[in-house]
Amino acid sequence: MNTEVAIIAVKLIKRSRELRERYQSELGKLSGSEKYALAVEVARLTQDQQEQISFAAQVQKEVIEAWTDADYADMGVDRTTANTKLGFTTTLLPLADLHAETEKRKARAKEWLEATWGENWEKEVGDLMPPWPAEEFLRRLTVFSEKQVDWAVAKTILQDRIRQRLAAKKTKKVP
């Protein structure tokens, strides 16, 4: 993927103000294959953010569900009012359900990786794993593992790719 396209995608997603107009404008500046690359990168970033937001909703749901009648009394609000103001049934529950489904798919990907690279695959991947391994990352890693069954070879390829990305110009270089 073109690093310039990645930068455009990050700038688009970070600011939702006038997103539609800015997205169309950026697409108009790109060639056919670059347009598709931008759409793919925007989709990836959107999916990553959705995963993080649905996780936050799951945590919020757990917190709210743990509140007792005494907690509500102490906060000076009744359960129904709190649930309405917090968007418990309208927002948090659907997002928490989305998180649960995402986690199931991630678990299947992890099972596949374990079957390919062994039960210590996560420990072996170590620092090569991003801080937030999104579903898409695990899916791509699973596909990669099918092609590179030997972990030693796979590790070398991954390390080389990370070095290439860190050396590329105009990228945010987070070690």
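Of all the residues in the stretch 84-124, those that are open to solvent by less than 60 Å² (accessible area, probe 1.4 Å) and charged (D, E, K, R) number 1. The lone criterion from (1) over 26 Å from Arg139 (Cβ atoms); (2) among the hydrophobic types (A, V, I, L, M, F, W, C); (3) open to solvent by 90 Å² or more (accessible area, probe 1.4 Å) left unmet by Ile53 is number (1). Note on the stretch 67-83: residues that are out of contact with any helix residue (DSSP H, G or I) (no Cβ under 7 Å at 6 or more places or on another chain) and surrounded by 12 or more Cβ atoms within 10 Å (Cβ to Cβ) total 3. Close contacts from the stretch 122-133, counting a first residue that is without any contact (Cβ under 8 Å) to a residue 24 or more places away in the chain and a second that is in a loop (DSSP other than H, G, I, E, B), with Cβ to Cβ under 8 Å and a gap of 6+ residues or different chains, come to Glu122/Met129. Ser33 passes every criterion in (1) loosely packed, with under 13 Cβ neighbours inside 10 Å; (2) farther than 29 Å from Thr3 by Cα; (3) among the polar types (S, T, N, Q) apart from (2).
Scanning the stretch 125-141 for residues that are assigned to a helix (DSSP H, G or I) and open to solvent by 90 Å² or more (accessible area, probe 1.4 Å) turns up Asp127, Arg139, Arg140.
Tallying residues that are within 22 Å of Asn120 (Cβ to Cβ), open to solvent by 70 Å² or more (accessible area, probe 1.4 Å) and assigned to a loop (DSSP other than H, G, I, E, B) within the stretch 142-171 yields 2.
Surrounded by 15 or more Cβ atoms within 10 Å (Cβ to Cβ) and not aromatic (Phe, Trp, Tyr): does that describe Val42? Against the criterion (surrounded by 15 or more Cβ atoms within 10 Å (Cβ to Cβ) and not aromatic (Phe, Trp, Tyr)), Val42 qualifies. The sole residue among Ile64, Ile13 that is surrounded by 14 or more Cβ atoms within 10 Å (Cβ to Cβ), aliphatic (A, V, I, L, M) and either within 18 Å of Leu93 (Cα to Cα) or without any contact (Cβ under 8 Å) to a residue 12 or more places away in the chain (or both) is Ile64.
Before we move on, is Thr46 in contact with a Phe, Trp or Tyr (Cβ under 9 Å, 6 or more places away or on another chain), closer than 18 Å to Phe137 by Cα and at pLDDT below 95? So Thr46 fails the test.
The values are calculated or read from the model by the stated rules, or taken from the named source; none is laboratory data. Since this is a predicted model, take the numbers as computed values, not measurements. Cβ: placed from backbone, ideal geometry, glycine included. Neighbour counts: every protein chain shown. We work out accessible area using only protein heavy atoms, side chains counted, and drop any ligands, DNA or RNA first. Shrake-Rupley method; radii C 1.70, N 1.55, O 1.52, S 1.80 Å.
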